[in-house]
Amino acid sequence: MDMELKQKIAYMTQYDKGGMDDEPIIDNIYNNLSVTMSDEQIGEFMSWCGDQNDGVNQAIYDHMDQIGVSNYNEIMDFVKDPSGQTVFEEWKEDRRIFEISTLEEMADQELKERGIDANCLFWVPELWKIDKGAKYAAFNGYENGFDDTWDDDETLIATFLQEEPERIGDFIDENKQQIQQKPQSGMQRK
(Lines give C-alpha, C1' and ligand atoms only; values in the text may rest on other atoms or scores of the structure.)
Protein backbone atom coordinates (compact mmCIF):
# COMPACT_ATOMS: atom_id res chain seq x y z
CA MET A 1 0.00 0.00 0.00
CA ASP A 2 1.52 3.29 -1.09
CA MET A 3 1.39 6.54 0.93
CA GLU A 4 -1.32 8.13 -1.24
CA LEU A 5 -3.66 5.17 -0.74
CA LYS A 6 -2.86 5.13 2.97
CA GLN A 7 -3.87 8.81 3.21
CA LYS A 8 -7.16 8.13 1.42
CA ILE A 9 -7.96 5.26 3.78
CA ALA A 10 -6.97 7.39 6.80
CA TYR A 11 -10.06 9.52 6.15
CA MET A 12 -12.26 6.67 7.41
CA THR A 13 -10.45 6.40 10.76
CA GLN A 14 -12.53 9.27 12.13
CA TYR A 15 -15.54 6.95 12.17
CA ASP A 16 -13.97 4.49 14.63
CA LYS A 17 -15.80 4.71 17.95
CA GLY A 18 -13.41 2.42 19.79
CA GLY A 19 -10.52 4.84 20.19
CA MET A 20 -8.00 2.68 18.30
CA ASP A 21 -4.86 4.20 16.83
CA ASP A 22 -5.13 5.09 13.15
CA GLU A 23 -2.47 2.65 11.87
CA PRO A 24 -4.29 -0.57 12.85
CA ILE A 25 -7.56 0.82 11.47
CA ILE A 26 -5.92 1.73 8.17
CA ASP A 27 -4.33 -1.72 7.95
CA ASN A 28 -7.62 -3.40 8.84
CA ILE A 29 -9.59 -1.48 6.21
CA TYR A 30 -6.95 -2.16 3.60
CA ASN A 31 -6.78 -5.87 4.45
CA ASN A 32 -10.56 -6.22 4.30
CA LEU A 33 -10.97 -4.34 1.04
CA SER A 34 -7.94 -5.82 -0.71
CA VAL A 35 -9.60 -9.24 -0.61
CA THR A 36 -11.99 -8.13 -3.37
CA MET A 37 -10.54 -4.90 -4.72
CA SER A 38 -7.35 -3.75 -6.38
CA ASP A 39 -5.42 -0.83 -4.89
CA GLU A 40 -6.85 1.37 -7.66
CA GLN A 41 -10.43 0.35 -6.79
CA ILE A 42 -9.78 0.92 -3.08
CA GLY A 43 -8.48 4.40 -3.93
CA GLU A 44 -11.58 5.16 -6.02
CA PHE A 45 -13.84 3.89 -3.26
CA MET A 46 -12.07 5.96 -0.60
CA SER A 47 -12.32 9.03 -2.86
CA TRP A 48 -16.05 8.35 -3.22
CA CYS A 49 -16.34 8.09 0.59
CA GLY A 50 -14.60 11.46 0.89
CA ASP A 51 -17.44 13.02 -1.12
CA GLN A 52 -20.17 11.57 1.12
CA ASN A 53 -21.60 12.95 4.32
CA ASP A 54 -20.84 11.59 7.78
CA GLY A 55 -24.03 9.51 7.97
CA VAL A 56 -23.13 7.55 4.84
CA ASN A 57 -19.52 7.04 5.90
CA GLN A 58 -20.42 6.06 9.47
CA ALA A 59 -22.87 3.43 8.17
CA ILE A 60 -20.24 2.07 5.78
CA TYR A 61 -17.58 1.98 8.48
CA ASP A 62 -19.89 0.38 11.06
CA HIS A 63 -20.78 -2.46 8.72
CA MET A 64 -17.53 -2.89 6.81
CA ASP A 65 -16.64 -6.08 8.65
CA GLN A 66 -20.08 -7.54 7.86
CA ILE A 67 -19.89 -6.91 4.15
CA GLY A 68 -19.18 -10.23 2.49
CA VAL A 69 -16.63 -10.53 -0.27
CA SER A 70 -19.20 -11.96 -2.65
CA ASN A 71 -21.78 -9.22 -2.08
CA TYR A 72 -19.58 -6.17 -1.56
CA ASN A 73 -20.66 -4.55 -4.84
CA GLU A 74 -24.34 -5.13 -4.08
CA ILE A 75 -23.97 -3.42 -0.71
CA MET A 76 -22.21 -0.47 -2.32
CA ASP A 77 -24.95 -0.27 -4.96
CA PHE A 78 -27.44 -0.21 -2.07
CA VAL A 79 -25.60 2.66 -0.40
CA LYS A 80 -25.03 4.62 -3.62
CA ASP A 81 -28.44 4.06 -5.20
CA PRO A 82 -30.92 2.28 -2.96
CA SER A 83 -33.91 3.24 -5.12
CA GLY A 84 -34.42 -0.39 -6.11
CA GLN A 85 -34.02 -1.72 -2.59
CA THR A 86 -37.05 -2.60 -0.50
CA VAL A 87 -35.77 -1.08 2.76
CA PHE A 88 -35.29 2.34 1.18
CA GLU A 89 -38.73 2.25 -0.42
CA GLU A 90 -40.28 1.14 2.90
CA TRP A 91 -38.58 4.03 4.66
CA LYS A 92 -39.89 6.49 2.09
CA GLU A 93 -43.36 5.02 2.45
CA ASP A 94 -43.20 5.14 6.27
CA ARG A 95 -42.05 8.77 6.16
CA ARG A 96 -44.63 9.59 3.44
CA ILE A 97 -41.92 10.98 1.14
CA PHE A 98 -42.83 11.65 -2.47
CA GLU A 99 -41.25 13.30 -5.47
CA ILE A 100 -42.75 16.74 -6.07
CA SER A 101 -43.93 15.65 -9.51
CA THR A 102 -45.72 12.67 -7.95
CA LEU A 103 -47.44 14.95 -5.45
CA GLU A 104 -48.63 17.13 -8.31
CA GLU A 105 -49.99 14.07 -10.11
CA MET A 106 -51.68 12.85 -6.92
CA ALA A 107 -53.35 16.22 -6.44
CA ASP A 108 -54.46 16.36 -10.07
CA GLN A 109 -55.94 12.85 -9.90
CA GLU A 110 -57.72 13.47 -6.60
CA LEU A 111 -59.17 16.75 -7.83
CA LYS A 112 -60.51 15.01 -10.94
CA GLU A 113 -62.08 12.24 -8.83
CA ARG A 114 -63.38 14.18 -5.79
CA GLY A 115 -63.58 17.81 -6.87
CA ILE A 116 -64.05 20.21 -3.97
CA ASP A 117 -64.10 17.29 -1.52
CA ALA A 118 -60.49 16.38 -2.33
CA ASN A 119 -58.15 16.14 0.68
CA CYS A 120 -55.33 17.56 -1.40
CA LEU A 121 -56.94 21.00 -1.12
CA PHE A 122 -55.42 21.12 2.37
CA TRP A 123 -51.85 20.47 1.26
CA VAL A 124 -51.62 21.85 -2.28
CA PRO A 125 -51.19 25.46 -1.04
CA GLU A 126 -48.26 24.21 1.08
CA LEU A 127 -46.84 22.41 -1.96
CA TRP A 128 -46.75 25.72 -3.84
CA LYS A 129 -44.64 27.23 -1.04
CA ILE A 130 -41.90 24.60 -1.39
CA ASP A 131 -38.67 25.82 -2.96
CA LYS A 132 -38.71 25.20 -6.71
CA GLY A 133 -35.38 23.37 -6.45
CA ALA A 134 -36.81 20.65 -4.20
CA LYS A 135 -37.21 17.18 -5.66
CA TYR A 136 -38.80 15.39 -2.66
CA ALA A 137 -41.15 16.33 0.17
CA ALA A 138 -42.41 14.49 3.26
CA PHE A 139 -45.93 15.01 4.56
CA ASN A 140 -46.36 16.22 8.11
CA GLY A 141 -48.29 14.04 10.58
CA TYR A 142 -51.65 15.53 9.61
CA GLU A 143 -50.96 15.31 5.87
CA ASN A 144 -52.00 18.92 5.44
CA GLY A 145 -48.48 20.20 4.82
CA PHE A 146 -44.86 19.10 4.63
CA ASP A 147 -42.16 18.59 7.26
CA ASP A 148 -39.05 18.12 5.15
CA THR A 149 -37.86 18.64 1.61
CA TRP A 150 -34.80 17.41 -0.26
CA ASP A 151 -33.20 18.93 -3.34
CA ASP A 152 -31.74 15.73 -4.79
CA ASP A 153 -31.31 11.98 -4.42
CA GLU A 154 -28.02 12.28 -2.51
CA THR A 155 -29.48 14.39 0.29
CA LEU A 156 -32.48 12.07 0.58
CA ILE A 157 -30.21 9.02 0.75
CA ALA A 158 -28.02 10.79 3.32
CA THR A 159 -31.09 11.48 5.47
CA PHE A 160 -32.13 7.84 5.16
CA LEU A 161 -28.71 6.65 6.30
CA GLN A 162 -28.52 9.18 9.14
CA GLU A 163 -31.99 8.38 10.45
CA GLU A 164 -31.82 4.63 9.94
CA PRO A 165 -28.17 3.52 9.75
CA GLU A 166 -29.11 0.11 11.15
CA ARG A 167 -31.09 -0.56 7.95
CA ILE A 168 -27.82 -1.30 6.14
CA GLY A 169 -27.02 -3.79 8.89
CA ASP A 170 -30.54 -5.21 8.63
CA PHE A 171 -30.12 -5.52 4.87
CA ILE A 172 -26.84 -7.35 5.37
CA ASP A 173 -28.32 -9.60 8.06
CA GLU A 174 -31.31 -10.45 5.85
CA ASN A 175 -28.96 -11.49 3.07
CA LYS A 176 -26.39 -13.39 5.16
CA GLN A 177 -27.83 -16.76 4.18
CA GLN A 178 -27.39 -15.93 0.50
CA ILE A 179 -23.90 -14.62 1.22
CA GLN A 180 -22.91 -17.76 3.12
CA GLN A 181 -24.12 -20.00 0.29
CA LYS A 182 -21.60 -18.41 -2.07
CA PRO A 183 -18.15 -20.01 -2.25
CA GLN A 184 -16.23 -16.92 -1.12
CA SER A 185 -15.87 -16.03 2.55
CA GLY A 186 -16.78 -12.72 4.17
CA MET A 187 -14.34 -10.05 5.23
CA GLN A 188 -13.06 -10.34 8.75
CA ARG A 189 -11.51 -7.69 10.96
CA LYS A 190 -7.93 -8.56 11.70
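Near the amide H of Gly145, under 5 Å away, which other amide H atoms are found, from residues 5 or more places off or on another chain, if H is placed in the peptide plane?
Asn140
Can you sort Asp62, Asp147, Asp51 by 1.4 Å-probe accessible area, starting with the largest?
Sorted descending by solvent-accessible area, the residues read Asp51, Asp147, Asp62.
The values are calculated or read from the model by the stated rules, or taken from the named source; none is laboratory data. What you see is a predicted model; the values in this text were computed from it and never measured. Heads up: the accessible areas ignore ligands, DNA and RNA and are worked out on the full protein's heavy atoms, side chains in. Shrake-Rupley method; radii C 1.70, N 1.55, O 1.52, S 1.80 Å.
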